[in-house]
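S.K.: Input: one structure, supplied below.
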Amino acid sequence: MRKTTILTSICLMGTAVLLGSINTSNVSADTQENTEIGIIYRVYNPNTGEHVYTNSIFEESRLFDIGWKDEGEAFYIPEFEVGKDNSNQGPLVSRLYNPNAGDHFYTSNQYEISELVKKGWKRDQIIFPTAKVGIPVYRLYNPNAIVGAHFYTTSSFERDNLVNHGWRYEGVAFNSVNSMGGTTK
């Protein structure tokens, strides 16, 4: 049933995109401008403990089909459009992949990207914009994990719970927007 619903949704979305009829402009009480948003989905591999964050419904669906657990919408990002004013956006986040461990890492820090690439990590094709200011996306590190060592969340409850279970809090990785495109919860 879920596959049929997802496939139907994908076909309808694809048709709408081709026809140019999707408009995700929203107005929030805490923002003064219309902001188009994108969704970052979180999926979990129960075999390895890794989470993957993606703005691709196709990737999310494919991972679900091969046994990953769909954890829903992780956070929201401003949409990037060529030719539009993107001055309210922060740096782009790159997803890197470790082919030796099978792990993913997300960062907007160019130094981190450069150092990881030197150590054999590969740049993945997933890149998404961040908000200059907004809702913090916290980065945590599990020193006991080989795969799935990093976790990203906007929830202070999740962050604090993981810290209480031995994870290391590494600070704010980047900023997101709320589901209406605003910069506060």
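S.K.: What net charge is computed for the residues neighbouring Glu112, neighbours being all others with C-beta under 13 Å from the C-beta of Glu112, Lys and Arg scored +1, Asp and Glu -1?
M.R.: +3
S.K.: Would you give the gap between the C-alpha center of the stretch 56-71 and the C-alpha center of the stretch 97-148, rounded to a whole Å?
M.R.: Computed from Cα coordinates, the inter-centre distance equals 20 Å.
S.K.: Obtain the radius of gyration and the Kirkwood radius of the stretch 25-176 from its C-alpha atoms and give Rg over Rh.
M.R.: 0.96
S.K.: So if we plug the beta-carbon distance of Lys84 and Lys119 into 1/(1 + (r/R0)^6) with R0 = 30 Å, what FRET efficiency do we get, rounded to 0.05?
M.R.: Step by step, r from the Cβ atoms, then E = 0.25.
S.K.: Place a point 7 Å from Cα of Leu92 in the direction of its Cβ. Which residues in the stretch 129-146 have their backbone N less than 16 Å from it?
M.R.: 129-132
S.K.: If each residue of separation counts as 0.36 nm, what is the full-extension length gain between Gln110 and Tyr141 once their alpha-carbon separation is subtracted?
M.R.: 9.3 nm
S.K.: Right, another one. How much length is gained if the chain between Tyr169 and Asn47 is pulled fully straight, taking 0.36 nm per residue apart and subtracting their Cα-Cα distance, in nm to one decimal?
M.R.: 41.5 nm
Laboratory data are not the source of any read-out in this text; all were calculated from the coordinates shown. These figures come from a predicted structure and were not determined experimentally. Neighbour counts are summed over all protein chains in view; Cβ atoms, including those assigned to glycine, are modelled from backbone coordinates with ideal geometry.
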